[in-house]
């Protein structure tokens, strides 16, 4: 699993979001692998027109109806969004909301990716049975210092914590990944895939960087 979170960076504003999604789509086709993109919600309607899997960056517990400004799972589903990040470190929500959203996405047959800050949260939320747990120590996000190198024990221990839940949940690694070597190291430590933002979005050559990451994923 390879997820690219666009966040709200200037580099993907306007039509540039489409260009990044196209680069991801072409790499996925070329290497016969799955790449997921998470554009800002206001750009989702354009990105879903491309042959690429789209997740939302965030989703709310709000219901369909008079709920202005909220990202409603059921409406995202109707807009061809396949899943969502939940509880990203930049948009943390309560344990009760996480539990409800994992359940709602599961009922909608949408993919849930619960972001956690440490091993304790990885173990706790893996028990809810999301599709993925993404371990991202907040202090390393956007730092250019990969958790797989700076704190490899966090990945190894999180892999064990997720396995202890005894379900189908798998671990993704995020925070500071900027090279294929960072990706390979994460996989060596037991991660199933990666969640990346600035390492791709702020790269000078999107095509080259995406392909570097894909090769690291497919060759390990």
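The set of residues in the stretch 14-39 that are at pLDDT below 95 and assigned to a loop (DSSP other than H, G, I, E, B) comprises 14, 15, 32, 33, 34.
Residues in the stretch 116-127 that are under 15 Å from the mean Cα position of the chain (by Cα) and part of a loop (DSSP other than H, G, I, E, B): how many? Within the stretch 116-127, residues that are under 15 Å from the mean Cα position of the chain (by Cα) and part of a loop (DSSP other than H, G, I, E, B) number 1. Here residue 112 qualifies as at pLDDT 95 or above, in contact with a helix residue (DSSP H, G or I) (Cβ under 7 Å, 6 or more places away or on another chain) and closer than 19 Å to residue 63 by Cα. Scanning the stretch 21-31 turns up one or more residues that are without any contact (Cβ under 8 Å) to a residue 40 or more places away in the chain and under 15 Å from the mean Cα position of the chain (by Cα). Just name the residue that is farthest from residue 1 (Cα to Cα) out of those in the stretch 53-78 that are touching a strand residue (DSSP E or B) at 6+ places or on another chain (Cβ under 9 Å) and part of a loop (DSSP other than H, G, I, E, B). Residue satisfying both the conditions and the ranking: 71.
If the condition is being surrounded by fewer than 18 Cβ atoms within 10 Å (Cβ to Cβ) and free of Cβ contacts under 8 Å to residues at least 40 places away in the same chain, then the stretch 191-211 contributes 204, 205, 208.
No other residue among 81, 102, 113 is in a loop (DSSP other than H, G, I, E, B) and either over 29 Å from residue 31 (Cα atoms) or under 18 Å from the mean Cα position of the chain (by Cα) (or both) apart from 81.
The values are calculated or read from the model by the stated rules, or taken from the named source; none is laboratory data. Keep in mind the model is a prediction, meaning the values are calculated, not measured. Methodologically, a virtual Cβ is constructed for each residue, glycine included, from the backbone with ideal geometry; neighbour enumeration extends over all protein chains shown.
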